[in-house]
1. Quick one: if you stick a label point 7 Å off each Cα along the C-beta vector at residue 152 and residue 170, how many nm between them?
2. Can you find, among 130, 116, 101, the residue farthest towards the positive end of the dipole of segment 99-139? Put +1 on the C-beta of Lys and Arg, -1 on that of Asp and Glu.
3. Residue by residue through segment 179-194, which ³J(HN,Hα) values in whole Hz follow from phi under the Karplus form 6.51 cos²θ - 1.76 cosθ + 1.60 (θ = phi - 60°), with glycine and proline marked x?
4. From largest accessible area down, sort 50, 228; use a 1.4 Å probe on the protein chains.
5. Add +1 for every Lys or Arg and -1 for every Asp or Glu among the other residues with Cβ under 9 Å from the Cβ of residue 101, and state the total.
6. Please turn the phi angles of segment 142-151 into ³J(HN,Hα) values with the Karplus equation 6.51 cos²θ - 1.76 cosθ + 1.60 (θ = phi - 60°), one per residue in order, whole Hz, x for glycine and proline.
7. Report the per residue volume, in Å³, of the convex hull enclosing the C-alpha atoms of segment 46-174.
8. Please give the charge dipole size of segment 1-137, origin at the Cα centre, charges +1 on K and R Cβ atoms and -1 on D and E Cβ atoms. Round to the nearest 20 debye.
Amino acid sequence: MTPNLPQAPHFTICLRTLSLATVYTRCLDALNDPTLGTPEATERINRLRTTIESLVETTAEVRASHQDLPMSLIDHTDRTVRSRLAQLQVVTRAAVDALTGAVEEFDPASFASVDVRQASVDEARYLLATAATDLVAVAERVAAEMHRYSSAYSIPEVGVHVALTAEHHQVLRLVAAGAVAVDEDGHIWVGLNKDSVDRGVLLHLDRLDLITEEPSVSWVAEIRVASTPMGRLVLAATMSRPEPRAVEGTSAPAPAASAPRRPGQTGRRTGR
(Lines give C-alpha, C1' and ligand atoms only; values in the text may rest on other atoms or scores of the structure.)
Protein backbone atom coordinates (compact mmCIF):
# COMPACT_ATOMS: atom_id res chain seq x y z
CA MET A 1 0.00 0.00 0.00
CA THR A 2 1.39 3.43 -0.93
CA PRO A 3 2.28 5.44 2.20
CA ASN A 4 0.34 8.65 3.04
CA LEU A 5 -2.45 7.91 0.58
CA PRO A 6 -5.96 6.97 1.68
CA GLN A 7 -7.17 3.51 0.72
CA ALA A 8 -9.13 3.46 -2.51
CA PRO A 9 -12.85 3.44 -1.61
CA HIS A 10 -13.37 1.29 -4.70
CA PHE A 11 -11.67 -1.62 -2.93
CA THR A 12 -14.36 -1.94 -0.26
CA ILE A 13 -17.13 -1.83 -2.88
CA CYS A 14 -15.33 -4.36 -5.05
CA LEU A 15 -14.86 -6.72 -2.09
CA ARG A 16 -18.48 -6.34 -0.99
CA THR A 17 -19.66 -7.05 -4.53
CA LEU A 18 -17.62 -10.26 -4.68
CA SER A 19 -18.99 -11.33 -1.28
CA LEU A 20 -22.52 -10.69 -2.55
CA ALA A 21 -21.77 -12.87 -5.59
CA THR A 22 -20.80 -15.70 -3.23
CA VAL A 23 -24.20 -15.54 -1.52
CA TYR A 24 -26.00 -15.54 -4.87
CA THR A 25 -24.09 -18.66 -5.97
CA ARG A 26 -25.23 -20.50 -2.83
CA CYS A 27 -28.83 -19.45 -3.40
CA LEU A 28 -28.69 -20.61 -7.00
CA ASP A 29 -27.28 -23.97 -5.91
CA ALA A 30 -30.17 -24.33 -3.45
CA LEU A 31 -32.68 -23.47 -6.18
CA ASN A 32 -31.28 -26.31 -8.29
CA ASP A 33 -32.52 -28.81 -5.69
CA PRO A 34 -35.08 -30.99 -7.55
CA THR A 35 -36.98 -31.74 -4.32
CA LEU A 36 -38.15 -28.14 -3.93
CA GLY A 37 -41.24 -29.00 -5.96
CA THR A 38 -42.44 -31.53 -3.39
CA PRO A 39 -45.12 -30.88 -0.72
CA GLU A 40 -42.50 -31.27 2.04
CA ALA A 41 -40.38 -28.40 0.74
CA THR A 42 -42.51 -25.51 2.01
CA GLU A 43 -40.29 -24.65 4.98
CA ARG A 44 -37.11 -24.82 2.88
CA ILE A 45 -38.64 -22.57 0.22
CA ASN A 46 -39.63 -20.06 2.90
CA ARG A 47 -36.09 -19.98 4.30
CA LEU A 48 -34.63 -19.58 0.82
CA ARG A 49 -37.11 -16.82 0.01
CA THR A 50 -36.10 -14.93 3.17
CA THR A 51 -32.43 -15.19 2.23
CA ILE A 52 -33.01 -14.01 -1.34
CA GLU A 53 -35.25 -11.19 -0.12
CA SER A 54 -32.38 -9.90 2.02
CA LEU A 55 -30.21 -9.78 -1.12
CA VAL A 56 -32.47 -7.10 -2.60
CA GLU A 57 -31.59 -4.75 0.26
CA THR A 58 -27.90 -5.67 0.20
CA THR A 59 -27.71 -5.04 -3.54
CA ALA A 60 -29.40 -1.67 -3.04
CA GLU A 61 -26.80 -0.78 -0.37
CA VAL A 62 -23.93 -1.69 -2.70
CA ARG A 63 -25.50 0.39 -5.47
CA ALA A 64 -25.92 3.37 -3.15
CA SER A 65 -22.31 3.10 -1.96
CA HIS A 66 -21.09 3.03 -5.54
CA GLN A 67 -22.68 6.40 -6.28
CA ASP A 68 -20.10 8.15 -4.10
CA LEU A 69 -17.06 6.61 -5.80
CA PRO A 70 -14.67 8.74 -7.87
CA MET A 71 -15.14 7.57 -11.46
CA SER A 72 -13.24 8.65 -14.55
CA LEU A 73 -16.23 8.21 -16.89
CA ILE A 74 -13.87 6.91 -19.57
CA ASP A 75 -16.31 4.16 -20.47
CA HIS A 76 -19.37 5.32 -18.51
CA THR A 77 -18.55 2.74 -15.85
CA ASP A 78 -20.59 4.59 -13.23
CA ARG A 79 -23.83 4.28 -15.21
CA THR A 80 -23.08 0.72 -16.31
CA VAL A 81 -22.48 -0.47 -12.75
CA ARG A 82 -25.51 1.27 -11.29
CA SER A 83 -27.80 0.04 -14.07
CA ARG A 84 -26.58 -3.54 -13.63
CA LEU A 85 -27.16 -3.42 -9.89
CA ALA A 86 -30.59 -1.86 -10.38
CA GLN A 87 -31.48 -4.62 -12.83
CA LEU A 88 -30.28 -7.21 -10.33
CA GLN A 89 -32.57 -5.72 -7.70
CA VAL A 90 -35.52 -6.07 -10.08
CA VAL A 91 -34.86 -9.69 -11.02
CA THR A 92 -34.16 -10.62 -7.39
CA ARG A 93 -37.51 -9.18 -6.33
CA ALA A 94 -39.13 -11.17 -9.14
CA ALA A 95 -37.43 -14.31 -7.84
CA VAL A 96 -38.82 -13.59 -4.37
CA ASP A 97 -42.31 -13.20 -5.87
CA ALA A 98 -41.93 -16.54 -7.69
CA LEU A 99 -40.99 -18.30 -4.46
CA THR A 100 -43.88 -16.60 -2.67
CA GLY A 101 -46.18 -18.09 -5.29
CA ALA A 102 -44.55 -21.50 -4.81
CA VAL A 103 -45.66 -21.39 -1.17
CA GLU A 104 -48.99 -19.55 -1.24
CA GLU A 105 -50.41 -21.18 -4.37
CA PHE A 106 -49.60 -24.73 -3.33
CA ASP A 107 -52.55 -27.04 -2.65
CA PRO A 108 -51.55 -30.34 -0.98
CA ALA A 109 -54.78 -31.93 -2.21
CA SER A 110 -53.96 -31.27 -5.86
CA PHE A 111 -51.43 -33.33 -7.81
CA ALA A 112 -51.10 -30.46 -10.27
CA SER A 113 -49.78 -28.22 -7.49
CA VAL A 114 -46.47 -30.07 -7.52
CA ASP A 115 -45.89 -29.04 -11.14
CA VAL A 116 -47.00 -25.49 -10.40
CA ARG A 117 -44.64 -25.25 -7.44
CA GLN A 118 -41.73 -26.63 -9.44
CA ALA A 119 -42.45 -24.15 -12.22
CA SER A 120 -42.30 -21.29 -9.72
CA VAL A 121 -38.99 -22.53 -8.32
CA ASP A 122 -37.65 -22.91 -11.87
CA GLU A 123 -38.68 -19.33 -12.62
CA ALA A 124 -36.74 -18.07 -9.60
CA ARG A 125 -33.71 -20.11 -10.68
CA TYR A 126 -33.81 -18.74 -14.22
CA LEU A 127 -34.06 -15.18 -12.92
CA LEU A 128 -30.95 -15.57 -10.75
CA ALA A 129 -28.96 -17.76 -13.13
CA THR A 130 -26.49 -15.02 -14.12
CA ALA A 131 -26.55 -12.94 -10.93
CA ALA A 132 -23.13 -14.00 -9.63
CA THR A 133 -21.50 -13.64 -13.06
CA ASP A 134 -22.99 -10.15 -13.40
CA LEU A 135 -21.69 -9.17 -9.96
CA VAL A 136 -18.17 -10.35 -10.77
CA ALA A 137 -18.34 -8.26 -13.96
CA VAL A 138 -19.43 -5.28 -11.85
CA ALA A 139 -16.52 -5.88 -9.47
CA GLU A 140 -14.15 -5.91 -12.44
CA ARG A 141 -15.37 -2.53 -13.63
CA VAL A 142 -15.03 -1.04 -10.16
CA ALA A 143 -11.55 -2.56 -9.85
CA ALA A 144 -10.54 -1.07 -13.20
CA GLU A 145 -11.56 2.36 -11.93
CA MET A 146 -9.62 1.73 -8.73
CA HIS A 147 -6.43 1.16 -10.71
CA ARG A 148 -7.07 4.29 -12.79
CA TYR A 149 -6.98 6.25 -9.55
CA SER A 150 -3.85 4.52 -8.23
CA SER A 151 -1.96 7.83 -8.10
CA ALA A 152 -4.55 9.32 -5.75
CA TYR A 153 -5.38 6.30 -3.61
CA SER A 154 -3.52 3.34 -2.22
CA ILE A 155 -4.57 -0.19 -3.14
CA PRO A 156 -4.21 -2.90 -0.48
CA GLU A 157 -1.26 -5.12 -1.29
CA VAL A 158 -3.17 -8.30 -0.51
CA GLY A 159 -1.62 -11.19 -2.38
CA VAL A 160 1.37 -9.23 -3.67
CA HIS A 161 3.69 -12.02 -2.55
CA VAL A 162 1.35 -14.82 -3.68
CA ALA A 163 2.49 -16.70 -6.78
CA LEU A 164 -0.44 -16.33 -9.18
CA THR A 165 -0.31 -16.59 -12.96
CA ALA A 166 -2.87 -15.20 -15.39
CA GLU A 167 -4.48 -18.66 -15.44
CA HIS A 168 -4.77 -18.65 -11.64
CA HIS A 169 -6.48 -15.27 -11.78
CA GLN A 170 -8.91 -16.46 -14.45
CA VAL A 171 -9.86 -19.57 -12.46
CA LEU A 172 -10.24 -17.52 -9.28
CA ARG A 173 -12.65 -15.29 -11.17
CA LEU A 174 -14.64 -18.31 -12.40
CA VAL A 175 -14.79 -19.63 -8.85
CA ALA A 176 -16.09 -16.27 -7.61
CA ALA A 177 -18.88 -16.51 -10.19
CA GLY A 178 -19.84 -19.96 -8.89
CA ALA A 179 -19.00 -21.70 -12.16
CA VAL A 180 -16.60 -24.39 -10.91
CA ALA A 181 -17.47 -27.78 -9.42
CA VAL A 182 -15.78 -31.16 -8.99
CA ASP A 183 -17.66 -34.45 -9.48
CA GLU A 184 -17.15 -37.78 -7.70
CA ASP A 185 -14.60 -38.91 -10.28
CA GLY A 186 -12.44 -35.84 -9.75
CA HIS A 187 -13.48 -34.21 -13.03
CA ILE A 188 -13.62 -30.42 -12.90
CA TRP A 189 -16.66 -28.76 -14.42
CA VAL A 190 -17.04 -25.15 -15.51
CA GLY A 191 -20.75 -24.97 -16.21
CA LEU A 192 -21.35 -27.92 -18.54
CA ASN A 193 -17.73 -28.06 -19.74
CA LYS A 194 -15.74 -30.91 -18.25
CA ASP A 195 -11.99 -30.81 -17.54
CA SER A 196 -11.59 -27.28 -18.93
CA VAL A 197 -9.62 -26.25 -15.84
CA ASP A 198 -6.30 -27.79 -14.86
CA ARG A 199 -6.68 -29.50 -11.49
CA GLY A 200 -3.17 -28.34 -10.61
CA VAL A 201 -4.43 -24.76 -10.74
CA LEU A 202 -7.23 -25.56 -8.28
CA LEU A 203 -4.86 -27.33 -5.93
CA HIS A 204 -2.46 -24.39 -6.01
CA LEU A 205 -5.28 -21.97 -5.13
CA ASP A 206 -6.43 -24.36 -2.42
CA ARG A 207 -2.96 -24.50 -0.84
CA LEU A 208 -2.95 -20.70 -0.74
CA ASP A 209 -6.34 -20.78 1.04
CA LEU A 210 -7.95 -18.80 -1.78
CA ILE A 211 -10.65 -21.39 -2.53
CA THR A 212 -12.53 -23.99 -0.53
CA GLU A 213 -14.91 -26.92 -1.00
CA GLU A 214 -18.64 -26.64 -0.29
CA PRO A 215 -21.05 -29.58 -0.58
CA SER A 216 -23.62 -28.97 -3.30
CA VAL A 217 -27.22 -28.85 -2.13
CA SER A 218 -28.62 -29.83 -5.51
CA TRP A 219 -25.98 -32.28 -6.80
CA VAL A 220 -25.29 -35.05 -4.30
CA ALA A 221 -22.37 -36.35 -6.36
CA GLU A 222 -20.35 -33.15 -6.54
CA ILE A 223 -18.75 -30.41 -4.53
CA ARG A 224 -18.84 -26.73 -5.34
CA VAL A 225 -15.63 -24.75 -5.42
CA ALA A 226 -16.05 -21.41 -3.65
CA SER A 227 -13.75 -18.50 -2.96
CA THR A 228 -12.61 -17.96 0.63
CA PRO A 229 -12.58 -14.54 2.32
CA MET A 230 -8.86 -14.37 1.52
CA GLY A 231 -9.58 -15.38 -2.08
CA ARG A 232 -12.04 -12.51 -2.42
CA LEU A 233 -9.55 -10.09 -0.84
CA VAL A 234 -6.85 -11.12 -3.31
CA LEU A 235 -9.26 -10.95 -6.25
CA ALA A 236 -10.56 -7.52 -5.24
CA ALA A 237 -7.01 -6.16 -5.02
CA THR A 238 -5.71 -7.70 -8.24
CA MET A 239 -8.54 -8.03 -10.75
CA SER A 240 -8.35 -5.65 -13.73
CA ARG A 241 -4.83 -4.67 -12.70
CA PRO A 242 -3.03 -3.43 -15.84
CA GLU A 243 0.17 -5.38 -15.23
CA PRO A 244 -0.16 -8.26 -12.73
CA ARG A 245 2.94 -8.50 -10.61
CA ALA A 246 4.97 -11.67 -10.87
CA VAL A 247 6.88 -13.14 -7.96
CA GLU A 248 10.42 -13.98 -9.01
CA GLY A 249 11.69 -17.47 -8.45
CA THR A 250 8.24 -18.99 -8.02
CA SER A 251 6.08 -21.06 -10.27
CA ALA A 252 2.80 -22.89 -10.09
CA PRO A 253 3.05 -26.55 -9.05
CA ALA A 254 2.72 -29.30 -11.62
CA PRO A 255 -0.80 -30.76 -12.06
CA ALA A 256 -1.59 -33.25 -9.33
CA ALA A 257 -2.95 -36.73 -9.84
CA SER A 258 -6.42 -35.95 -8.53
CA ALA A 259 -8.66 -33.07 -7.56
CA PRO A 260 -10.40 -32.56 -4.21
CA ARG A 261 -13.48 -34.72 -3.77
CA ARG A 262 -15.99 -35.35 -1.04
CA PRO A 263 -16.11 -38.85 0.51
CA GLY A 264 -19.20 -40.96 0.00
CA GLN A 265 -20.35 -39.49 -3.30
CA THR A 266 -22.23 -41.97 -5.48
CA GLY A 267 -24.14 -40.28 -8.32
CA ARG A 268 -22.81 -39.04 -11.68
CA ARG A 269 -23.09 -35.51 -12.96
CA THR A 270 -24.69 -35.31 -16.40
CA GLY A 271 -25.57 -31.64 -16.66
CA ARG A 272 -26.53 -28.56 -14.82
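The values are calculated or read from the model by the stated rules, or taken from the named source; none is laboratory data. Model, not experiment: these values are computed from the prediction. Here the Cβ is made from the backbone with ideal geometry for all residues, glycine too, and neighbour counts use every protein chain on show. Areas reflect the complete protein model, heavy atoms only, side chains present, ligands, DNA and RNA absent. Shrake-Rupley method; radii C 1.70, N 1.55, O 1.52, S 1.80 Å.
1. 3.4
2. The residue sitting farthest along the positive end of the dipole is 130.
3. 8, 10, 9, 10, 8, 5, 9, x, 6, 9, 10, 10, x, 9, 8, 8
4. Ranked from most to least accessible, the order is 50, 228.
5. Once all neighbours under 9 Å are counted, the net charge is -3.
6. 5, 5, 4, 5, 4, 6, 5, 9, 5, 7
7. Roughly 138 Å³ of hull volume per residue.
8. 500
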